[in-house]
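Asks: I have a structure here, written as structure tokens, and I will follow up with some questions on it.
The values are calculated or read from the model by the stated rules, or taken from the named source; none is laboratory data. Here the structure is a predicted model, which is why all the values come from computation and not from measurement. Positions of Cβ are generated from backbone atoms using ideal geometry, with glycine treated the same way; all protein chains shown enter the neighbour counts.
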Amino acid sequence: MDKKLVSHLQRVITPNGYVRVYDPDHALADKGGYVFEHRQVMWEIAGPGCRSCELCGKAENWATCHVDHKDDDRQNNAEGNLRILCRGCNVKRGFRPESYEARSQVGLIEFEGKRDTATNWARDPRVKVSGHTILRRKAAGMSDFDALFAPKVTHKKGDVA
């Protein structure tokens, strides 16, 4: 048996719960020859070119991407439980504000799996209202979809733009 392999544990659980595997030839391996198992699994799916963020579409590479565990179980590295996110989406992904006040502080509006600020949604060519209008609609209790896409009502009597 190779002495080099004997001196290394093949699978290690880190203090914060992630799994690292000994694979010194892997492109994502650190200097000690270990690679995080969730990144190793996602590499097999996405390949060396990586993928864009699944929530916002931001272009990512292996140096910048976060491989997210959908179920928050850091040891569940099954293919279906992993996805590539940008740093911003990974940090915000678990935040589900209950009230409008909490949501308006974060400013996140979600549609088709993408979460973004009202200001950024207003720049989307499909959205015909301002970011301020989106937030006002949310304050009035509209769903994210309606806040983005309900017809714009002008200040003229009953006119719809």
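Asks: When the residues of the range 121-136 are filtered to those that are in a helix (DSSP H, G or I) and not aromatic (Phe, Trp, Tyr), which remaining residue is surrounded by the fewest Cβ atoms within 10 Å (Cβ to Cβ)? Break it down into steps so the answer makes sense when it comes.
Replies: Of all residues in the range 121-136, those in a helix (DSSP H, G or I) come to 121-122, 131-136.
Applying the additional criterion that residues be not aromatic (Phe, Trp, Tyr) yields 122, 131-136.
Working: ALA122: 19, GLY131: 17, HIS132: 11, THR133: 18, ILE134: 25, LEU135: 20, ARG136: 14.
The extreme case among them is HIS132.
Asks: Then there's this: Those residues that are in a loop (DSSP other than H, G, I, E, B), crowded, with 17+ Cβ neighbours inside 10 Å and touching a His at 6+ places or on another chain (Cβ under 9 Å), I need them from the range 54-94; list them, please.
Replies: Result: GLU60, ASN77, CYS86.
Asks: Looking only at the range 59-77, count every residue that is farther than 20 Å from ALA27 by Cα and modelled with pLDDT of 90 or more and tell me the total. Working first, answer last.
Replies: So in the range 59-77, the residues farther than 20 Å from ALA27 by Cα come out as 69-76.
From what is left, the residues that are modelled with pLDDT of 90 or more are 69, 73-76.
Within the range 59-77, residues that are farther than 20 Å from ALA27 by Cα and modelled with pLDDT of 90 or more number 5.
Asks: Is there any pair with a first residue in the range 54-67 that is without any contact (Cβ under 8 Å) to a residue 24 or more places away in the chain and a second that is buried (at least 18 other Cβ atoms within 10 Å of the Cβ) and not in a loop (DSSP other than H, G, I, E, B) whose Cβ atoms are under 7 Å apart and which are 6 or more apart or on different chains, and what are they?
Replies: As it stands, the answer is CYS65/ILE84, since those pairs meet every condition given.
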